[in-house]
Amino acid sequence: MSVSAFSTSHRSSVISTLRAAGCVFAEDEADLILSTARTSSEVAVMVERRAAGLPLEHVLGWAEFQGLRISVDPGVFVPRRRTEFLVGLAAELAGRTAVVVDLCCGSGALGAALAAGLDQVELHAADIDPAAVRCARRNIAEAGGEVYEGDLYDPLPDTLKGRVDILLANVPYVPSEEVGLLPAEARVHEARVALDGGADGLDVLRRVTEEASAWLAPGGHLLFETSEGQVAAAVDAVERAGLAARVVSDEERYATVVIGTWSGPRSWRMCQRPEPMRRRP
């Protein structure tokens, strides 16, 4: 239904309830709830859930991302608007056609958004969380994508090896000891596996970079987000895996993206430091 389908007094009541619950953008949230709900009873349930602290996206059942309405089920990682910056960079690198893999795909928002901007795409996505996989399958269905359940590369078909043009890896990068400091909307209502990156936040990332060259096509790109404080270690992980690394930031969105480019096995061997010559006895 539209917001206008509900009375002004009803809208005011919703706003007052949300504001009393501490929702800073109560007016905007009220309009989203009223435009999503089909009945007054649904409005009441959604307002109650939001006032209880559930993320707005889980209350609505969707999140806006890169102009798309992405389905987001309870417990599934909510795509952050800052990650639109990563998708924009990937689109520039992909050209008009590409083989795309979205690792740690969550709702599938990154893959779906990138695919929407390409003329032709072969899209694959994977996540270890069954709830995320179910959600992603709905979101990337229009692009004809395939979603696999499993740990990182494990469930991907071997036929993808050496063919991937764009490897999106929205890996968890919050250090384990800092997960408890996250806002309750994330800490309580999103799967920990989508947030916890290990001791320094880069455990999952290192596993992604270690195998990236086996999956990327020559000239293919790995893209992932990280924090400013993790950039040096993240770049080191990319370069140790034989990829050329560059860092791109968007201060307005507080987004930092590392891009790793695979030149191919021949150039990688050429870049290796030669073994020192040994004198014969």
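Data table
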item: Segment residue 236-residue 154, extension gain: residue separation times 0.36 nm, minus the distance between their alpha carbons; result: 27.1 nm
item: Summed residue charge, Cβ within 13 Å of residue 199's Cβ, Lys/Arg positive, Asp/Glu negative; result: -4
item: Fully extended contour minus Cα-Cα distance, from residue 184 to residue 163, at 0.36 nm per residue; result: 3.6 nm
item: Residues of the range 47-149: accessible area per residue with a 1.4 Å probe, Å²; result: 40
item: Distant-in-sequence amide H partners of residue 122 (H built 1.01 Å from N, under 5 Å); result: 98, 99, 100
item: DSSP bridge orientation in the range 45-173 - percent antiparallel, rounded to nearest 5; result: 20
item: Helix 40-51 vs. the chain, principal-axis angle (Cα, 0 to 90°, nearest 10); result: 60
item: Crossing angle, helix 231-240 versus the chain [Cα axis fit, 0-90 degrees, rounded to tens]; result: 40
item: Helix 203-215 axis, angle to the chain major axis (alpha carbon atoms, nearest 10°); result: 60
item: The range 92-206: radius of gyration over Cα atoms, expressed as a fraction of 2.2 N^0.38 Å; result: 1.09
item: Estimated FRET transfer efficiency when R0 is 45 angstrom, pair residue 20-residue 228 (beta carbons, to 0.05); result: 0.80
item: Charge-dipole axis of the chain as Lys and Arg at +1 and Asp and Glu at -1 on Cβ define it, positive-most pick from 217, 150, 172; result: 217
item: Dimensionless Rg/Rh of the chain - Kirkwood Rh, Rg from C-alpha atoms; result: 1.06
item: The chain - percent of accessible surface contributed by carbon and sulfur, probe 1.4 Å; result: 50
item: Normalised contact order of the chain, rounded percent, pairs of Cα under 8 Å and 6 or more residues apart; result: 13
item: The range 21-36 residues near the modelled residue 64 label - backbone nitrogen below 13 Å, point 7 Å along Cα→Cβ; result: 28-33, 35-36
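The values are calculated or read from the model by the stated rules, or taken from the named source; none is laboratory data. Since we're looking at a predicted model, the values are computed, not measured. Virtual Cβ from ideal backbone geometry, glycine too; neighbours counted across all protein chains shown. Protein only, heavy atoms only, side chains kept; ligands, DNA and RNA dropped before computing areas. Shrake-Rupley method; radii C 1.70, N 1.55, O 1.52, S 1.80 Å.
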